[in-house]
Amino acid sequence: MNVLQVDPNRYDVWNAFPTYFLEQSPVYVKGKVTTPTAFIEVIGHGIVAEAEILLEEKIMRPDDPYWLGDGVEGLATYSLVDLLQLHFHHPLLKIGMYQVDEPYESMRKKWNDGYHVPSSKWTKETYEAHIFREKLFAPLPQSTMCSICQTDLAVRYGSDATKLMEYHLSDEHGIWICPTCHKAIHTLY
């Protein structure tokens, strides 16, 4: 087992992980793994982080301000982890794009492949030329809603959402999409 799971209804992962990642502070995650490094899955969302396992302890719920609800839980196994990489919108590790019992090497390859653009259909030069054309022809975004996943970036990012939208050209037709979908399109197709 190389995946630790976090329930976003019990732990405010969206605020906790960026804080601990920037502070370079270790954080307790419920569960244990059999590998020295592990991936952290937010239940219902997908893999969001890679972490080094510092130690495992059987303890009461750790004192962490990001826990939601009352702290009435018995002893449980927690892993103290150091977040090595954090990516809330990893294009290749969304729910349904991996198996929880998938081998560590396979998960690691998918994690790394999500950062390698372009896909095999592009050379470095043609990809850079395509990105340049997308930026050159991009009008001002009229919406903060991704045309692919239908996520409204304004919900999470407020007034910065229009700055995050990316223009994608395909067959001389352009659409506005979120960075995650844009990366996935160029990686997978």
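Computed from backbone phi with θ = phi - 60° and the Karplus coefficients 6.51, -1.76 and 1.60, the 3J(HN,Hα) list for region 164-170 is 7, 4, 10, 9, 10, 9, 9 Hz; x is used for glycine and proline.
Across region 140-150, computed HN-Hα scalar couplings (Karplus, 6.51 cos²θ - 1.76 cosθ + 1.60, θ = phi - 60°) run 5, x, 9, 8, 10, 8, 6, 5, 8, 9, 6 Hz from first to last residue, x flagging Gly and Pro. With runs of 4+ DSSP H residues as the only contributors, calculate the mean residue ellipticity of the chain at 222 nm using -39,500 (n - 2.57) per run, divided by the residue total and rounded to the nearest 500. My calculation for the chain gives -8000 deg cm²/dmol from helical runs alone. Averaged over residues, the count of other Cβ atoms within 10 Å places the peptides 55-65, 166-176 in the sequence 166-176, 55-65, highest first.
Ordering 34, 151, 62 by the projection of their Cα atoms onto the charge dipole of the chain, which places +1 on the Cβ of Lys and Arg and -1 on the Cβ of Asp and Glu, puts 151 at the extreme positive end. For residue 5, the residues 5 or more places off, or on other chains, whose built amide H falls under 5 Å of its own are 41.
Rolling a 1.4 Å probe over the protein heavy atoms of the chain, with every protein chain left in place, gives an accessible area that is 56 percent carbon and sulfur. Which one is right for this structure if percent of Cα pairs over 26 Å apart is calculated from it: (i) 44; (ii) 41; (iii) 53? Correct label, based on the coordinates given: (ii).
The values are calculated or read from the model by the stated rules, or taken from the named source; none is laboratory data. Note that the coordinates shown come from a computational prediction; the quantities given were computed from them, not determined experimentally. Here the Cβ is made from the backbone with ideal geometry for all residues, glycine too, and neighbour counts use every protein chain on show. Only protein heavy atoms, including side chains, enter the accessible area calculation; ligands, DNA and RNA are left aside. Shrake-Rupley method; radii C 1.70, N 1.55, O 1.52, S 1.80 Å.
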